[in-house]
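Everything below concerns the one structure shown next.
Quick note: the coordinates plus some simple rules give every number you see, no bench work behind them. Bear in mind that the values here come from a model prediction, so they are computed numbers and not experimental data. Reconstructed Cβ throughout: ideal geometry from the backbone, glycine too, with neighbour counts over all protein chains shown.
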Amino acid sequence: MPATDRAVLLIQTAFIGDVILATALLERLHATEPHTPVDILVRKGNEGLVKSHPYVRNVLVWDKKKAKYLGLLRLLLQIRKMRYERVITLQRFASTGFLTAFSGAKKHIGFDKNPLSFLFTMAIPHVFDAGVHEVTRNLNLLDPADEVPLTPPRLYPTPADEAAAAPYAAVGGYICIAPTSVWFTKQFPEEKWVQLLHILPSQYTVYLIGGPPDVEACERLRLTSGRANVVNLAGKLSLLASAALMRSAVLNYVNDSAPMHLCSAMGAPTCAVYCSTVPYFGFGPLSPFSRIVELKEPLACKPCGLHGYRQCPLGHFYCAHGIRLEQLTEALAEAEAWAAGQV
């Protein structure tokens, strides 16, 4: 059924973390335009994050692996039939610029660094300065003049997600570790995680969090650690169930990757370990309790890139191996003190 003239389509077909951060726009739109219908377009595999979101009317899906460009054309036809008032792309890729520019919407909006931004009715400067979070950059697409405080992203686990997490949360105090990343140079080394497991307080159950591709790595970490109360949950919980579990953890140890953004969207206590990347890029944690751990001394080769690499370009990976375990245990002590102050 065609949308009303006021409907908005948000486009974010990048990775899991990008979709999570995009939910800040759903929160802002609901707060400022509670009666405006909002749809969102994501890549196939990420729809579970938003299909039950209370502020999303429809979820459109682009299967990039199957008939990628034919699927893009089909999406364009679908979008044009919906007669949106606004189509907003959060990305700087030509593909989403194409969908936006030719959407037929009254207003098509995106960043000025999108190759097709010259066709947009509004091209917003993409500000990549220190202290500017990605969420702030995205919110500027709604209103560049808006200077209200940053609206954090938020996810809404379903009752089924909550029920899946509940038995694990019932153990009492626990810590979650999301040890993997798509990019090797964003991932705290496995041997360092093992060392951390050896020194974490024994009263805490430790849950290893990840998706199906992470099962083997998490199981290897569990076995190598020799710790009795380590549970491998990789591949056993949905993203939203994992988010529900992380919400009540004493602390969540994560890399600069999607689980960090899950924590931000749930207000879960976070210790984010930065190896080759830096918080300067604007993707840092947003939880009420957040600590960033990274190499303390300057390193000429850090950061070596915006996203990461399959291996350290120089072969030493000192940005990760030089991080001291005491930095991670200090974050836990601070999280315990913070939690005590919240009671």
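The phi torsions of the stretch 264-269, fed into the Karplus equation with coefficients 6.51, -1.76 and 1.60 and a -60° offset, translate into couplings of 4, 6, 10, x, 7, x Hz, rounded to whole numbers, with Gly and Pro shown as x. The translational diffusion coefficient of the chain, from Stokes-Einstein at 37 °C and 0.692 mPa s with a Kirkwood hydrodynamic radius over alpha carbon pairs, comes to 156 µm²/s.
Rounding to the nearest 20 debye, state how big the charge dipole of the stretch 244-343 is about its Cα centre with +1 on each Lys and Arg Cβ and -1 on each Asp and Glu Cβ.
Working: 6 positive and 7 negative charges, 51 e Å.
Taking the Cα centre of the stretch 244-343 as origin, the dipole is about 240 debye.
Dipole of the stretch 8-139, Cα-centred, from +1 at each Lys and Arg C-beta and -1 at each Asp and Glu C-beta, to the nearest 20 debye? Don't skip to the end; give the middle numbers.
Values: 19 positive and 10 negative charges, 129 e Å.
Its charge dipole is roughly 620 debye.
By counting other Cβ atoms within 10 Å of each Cβ, how are M122, M246 ranked from fewest to most?
Working: M122 14, M246 29.
Going from least to most buried by this count: M122, M246.
Normalising the average separation of contacting C-alpha pairs (under 8 angstrom, six or more residues apart) by the number of residues puts the relative contact order of the stretch 155-278 at 34 percent. Annotation: peptides 93-106, 74-87, ranked by per-residue average of other Cβ atoms within 10 Å with the highest first, follow the order 93-106, 74-87.
Annotation: amide H of L60 within the under-5 Å range of I40, L41, V42, sequence separation 5 or more or interchain, hydrogens built in the peptide plane. Since only W62, L116, V127 are under comparison, the one whose Cα sits farthest along the positive direction of the charge dipole of the stretch 8-139, derived from C-beta charges on Lys, Arg, Asp and Glu, is W62.
Charged side chains reduced to their Cβ positions (Lys and Arg at +1, Asp and Glu at -1) give the chain a dipole of some 1280 debye around its Cα centre.
Within the set of other residues whose C-beta is less than 11 Å from the C-beta of K44, count the net charge using Lys and Arg as +1 and Asp and Glu as -1.
On the way: positive: R43, K64, K65, K66, K68; negative: E47, D63.
Net charge around K44: +3.
Just want to confirm a number: the relative contact order over the stretch 8-139, from Cα pairs under 8 angstrom separated by 6+ residues, in percent. Walk me through the numbers on the way to the answer.
On the way: 224 pairs, mean separation 29.6, N = 132.
Here the relative contact order equals 22 percent.
Distance between the 7 Å Cα→Cβ label points at N229 and Q203: 0.9 nm.
Here r is the Cβ-Cβ distance between H35 and K65 and R0 is 25 Å; the resulting FRET efficiency, rounded to 0.05, is 0.10.
Going by the alpha-carbon gyration tensor, a ≥ b ≥ c the square roots of its eigenvalues, is the stretch 1-74 rounded (a/c under 1.5) or, if a/c is not under 1.5, prolate (a/b greater than b/c) versus oblate? Oblate, since a/c reaches 1.5 and b/c is not below a/b. Here the relative contact order of the chain, from alpha carbon pairs under 8 Å that lie six or more residues apart, stands at 15 percent. Using alpha-carbon positions, what is the distance between the centroids of the stretch 183-251 and the stretch 263-309, in Å? Using only Cα atoms to place each centre, the spacing works out to 18 Å.
Determine, from the Cβ-Cβ distance of E336 and V171 and an R0 of 22 Å, the FRET efficiency 1/(1 + (r/R0)^6), rounded to the nearest 0.05. The pair E336/V171 has a calculated efficiency of 0.85. Considering only A217, A31, A258, the Gaussian network model of the chain with Cα springs below 10 Å gives its largest mean-square fluctuation to A31. With each label modelled as a point 7 angstrom along the Cα→C-beta vector, the A160-E297 pair spans 5.2 nm. For the stretch 37-49, backbone phi angles converted through the Karplus equation (6.51, -1.76, 1.60; θ = phi - 60°) give residue-by-residue couplings of x, 10, 10, 9, 10, 10, 7, 4, x, 9, 5, x, 5 Hz, Gly and Pro being listed as x. Calculated [222 nm] ellipticity per residue, helices only, for the chain: -10500 deg cm²/dmol; basis is -39500 (n - 2.57) per DSSP H run with n ≥ 4, divided by all residues, nearest 500.
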